[in-house]
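Asks: First the structure, then my questions, so here it is.
The values are calculated or read from the model by the stated rules, or taken from the named source; none is laboratory data. Keep in mind it's a predicted model, so treat the numbers as computed, not measured. Using ideal geometry, Cβ is built from the backbone for each residue, glycine included, and neighbour counts are taken over all protein chains shown.
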Amino acid sequence: MRSSRQSHRDYRSYSFWLDTVPDDLAPRPALESPLHIDVAIVGAGYTGLWTAYYLAEADPSLRIAVLEREVAGFGASGRNGGWCSPFFSADKQKLARLHGRERAVAMHRAVIDSVDEVGRVVELEGIDAQFVKGGSLSCVTQPGHLGRIQEDVEAQYQWGFTADDIRWLDADAASERIRVDGCLGAAFTPHCAALHPARLVRGLARAVERRGVEIYEHTPVTSIQPGAVTTPNGVVRADAIVRATEGYTPALPKLKRQIVPLYSLMIATEPLPESFWDTIGWSGRETLTDGRHMLVYAQRTSDDRIAIGGRGAPYHFGSQIDDLFDRDPRVFGSLREVIKSLWPQIGPFEVSHTWGGPLGVPRDWHSSVGLDKNTGIAWAGGYVGDGVSTSNLAGRTLADLIGGHDGDLLMLPWVDHHSRRWEPEPLRWVGANLALHVMTSADRAEVRTGRPARRAKLAKRLLGM
Ligand SMILES: Cc1cc2nc3c(=O)[nH]c(=O)nc-3n(C[C@H](O)[C@H](O)[C@H](O)COP(=O)(O)OP(=O)(O)OC[C@H]3O[C@@H](n4cnc5c(N)ncnc54)[C@H](O)[C@@H]3O)c2cc1C
């Protein structure tokens, strides 16, 4: 049984993307009484919905329900930078050390392939997610970043990747794509797509409903146990249960140290005039970052804004999540400054939207997906800042695991990987914030000295990157 709650949050205010989806974000009815089904999925972000999508595709007779505390796309899936990226949270060196060279390369190749799979499904399902595969530029503007980014490109060739996967563009070639002030060159990969994240997640929700999946919104899950998921209005019994709660996971019983929610914050400008775009190019919808350690990420939106984000926000004690943490004027101010420094010709400009949200970081920065066959409980996540494409791979993998199918996806090294837990507080708070602080100071030092800062390595080791 389902009912609709009267009042709800102003979901449009949670991001530029949620503010510009062509639907009214009215919550679907909540679960009102107990259920007995085949698969219960907790969380209606990309992970939960891709899993539902591929499960329903493989076996239309399965009874699947998605249980969402707010509305589909409320979490990071409705708020991110819209990079459907070819990147995986753990680099190849780390994966090779843990799982062998061949499986490390296979993992990264599988994520690259997922970008096209997202493109295929949005086309097939008629989801107008403004998906354009224009590639991605890591543009170097500081001499201190140059060696590191060029070495990164060279290192990819040692793993069997080629210039069709990634290549160095000199300053002129980089500027032909996007004219960035003081650009010294850029690493370019053609494998990245830009998209409108909330249109994707909202469209996916409708696509899974068309396939018979039930979505219950305003339905918080208070505990997950083998065969049963508890909600305020009744227990959902299911043979398989999928935890797809990413940054929100620590709020569930016994999962406090499983993942750390780190905040990433974004701003979007008002639409910028044609005269500005004439001076900087950027006509191919490439995504853009620069070489700093505290990553910034940008896209030109389909309505001619710059949407740019970064990770300067602190970690909050006890892995707390609060709407208040989505807004940090200091971070918004520094993102404004980044825009001005990359494109000084922009002149005065208005920021129309500011927002943020939690992403999920496992202790070893190694995403994972798995199914415990003894309990029937499955999970996927820990994508750090690269969940848009990886969650699609997770959905396909979970569908194989739950459906009992064999296949190449199950050979990938993130399947059944278990990250160790984060430290208890206050160690977690001290360690995470110290590392974030050192990383920011490494960026400042590299600008000041024009040389790579050794302390960045220390910070990365402290964080487990
Ligand atoms: C500002 C920002 C920028 C980012 N930029 C990028 C990017 O450009 N490219 C990229 O690849 N990745 C990016 N990411 C990361 C990416 O958005 C995430 O990895 C991805 O969206 C994770 O999807 P998910 O479905 O696992 O989690 P979420 O989208 O967070 O979904 C989890 C859902 O579970 C629900 N939920 C939680 N607890 C419960 C409960 N107890 N009961 C019921 N429901 C519950 C939540 O309400 C939420 O809807 C960014 C993230 C942020 C925050």
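Asks: How do the strands (runs of 3 or more DSSP E) wholly within segment 211-298 filter down when requiring 2 or more residues that are of a type in the set (S, T, N, Q) and under 23 Å from the mean Cα position of the chain (by Cα): which remain?
Replies: Once the strands (runs of 3 or more DSSP E) in segment 211-298 are filtered for at least 2 residues that are of a type in the set (S, T, N, Q) and under 23 Å from the mean Cα position of the chain (by Cα), what remains is 260-269, 287-290.
Asks: Which residues, taken from segment 39-65, are out of contact with any Gly (no Cβ under 9 Å at 6 or more places or on another chain) and crowded, with 24+ Cβ neighbours inside 10 Å?
Replies: Once the filter is applied, which keeps residues that are out of contact with any Gly (no Cβ under 9 Å at 6 or more places or on another chain) and crowded, with 24+ Cβ neighbours inside 10 Å, segment 39-65 yields VAL39, ALA40.
Asks: Going by the structure shown, is ALA268 within 13 Å of the ligand (Cβ to nearest atom), touching a His at 6+ places or on another chain (Cβ under 9 Å), touching a residue at least 24 places away in the same chain (Cβ under 8 Å) and outside the structural domain of ARG63 (by TED's automatic domain parsing)?
Replies: Criteria met by ALA268.
Asks: Does VAL361 satisfy being under 30 Å from GLN93 (Cβ atoms), hydrophobic (A, V, I, L, M, F, W, C), touching a Ser or Thr at 6+ places or on another chain (Cβ under 6 Å) and crowded, with 18+ Cβ neighbours inside 10 Å?
Replies: The answer is no for VAL361.
Asks: Within segment 215-256, how many residues are more than 14 Å from the ligand (Cβ to nearest atom) and closer than 22 Å to ARG396 by Cβ?
Replies: Number satisfying all stated conditions: 3.
Asks: Can I ask one more? Which of (1) part of a helix (DSSP H, G or I); (2) buried (at least 21 other Cβ atoms within 10 Å of the Cβ) is the odd one out, the single condition THR440 does not satisfy?
Replies: It fails just one condition, (2).
Asks: If a residue must be outside any helix (DSSP H, G or I) and in contact (Cβ under 8 Å) with a residue 40 or more places away in the chain, how many such residues does segment 27-62 contain?
Replies: Within segment 27-62, residues that are outside any helix (DSSP H, G or I) and in contact (Cβ under 8 Å) with a residue 40 or more places away in the chain number 21.
Asks: Among the residues in segment 67-84, are any more than 14 Å from the ligand (Cβ to nearest atom) and over 17 Å from VAL208 (Cα atoms)?
Replies: No, segment 67-84 has no match at all.
Asks: A further question on this structure: Quick check on ILE112: is it in contact with a Pro (Cβ under 6 Å, 6 or more places away or on another chain), in contact (Cβ under 8 Å) with a residue 12 or more places away in the chain and not assigned by TED's automatic domain parsing to the domain that holds ILE166?
Replies: Against the criterion (in contact with a Pro (Cβ under 6 Å, 6 or more places away or on another chain), in contact (Cβ under 8 Å) with a residue 12 or more places away in the chain and not assigned by TED's automatic domain parsing to the domain that holds ILE166), ILE112 qualifies.
Asks: On to the next question. Kindly indicate which of ALA399, ALA380 is under 30 Å from VAL121 (Cβ atoms) and within 14 Å of the ligand (Cβ to nearest atom).
Replies: Within the list ALA399, ALA380, the selection yields ALA380.
Asks: Can you report the number of residues in segment 293-308 which are in contact with a helix residue (DSSP H, G or I) (Cβ under 7 Å, 6 or more places away or on another chain) and either modelled with pLDDT of 95 or more or within 16 Å of the ligand (Cβ to nearest atom) (or both)?
Replies: Within segment 293-308, residues that are in contact with a helix residue (DSSP H, G or I) (Cβ under 7 Å, 6 or more places away or on another chain) and either modelled with pLDDT of 95 or more or within 16 Å of the ligand (Cβ to nearest atom) (or both) number 6.
Asks: Further question: State whether one or more residues within segment 128-151 are among the aromatic types (Phe, Trp, Tyr) and more than 16 Å from the ligand (Cβ to nearest atom).
Replies: no
Asks: PHE16: outside the structural domain of GLU350 (by TED's automatic domain parsing), within 25 Å of TRP414 (Cβ to Cβ), within 12 Å of the ligand (Cβ to nearest atom) and out of contact with any Gly (no Cβ under 8 Å at 6 or more places or on another chain), yes or no?
Replies: no
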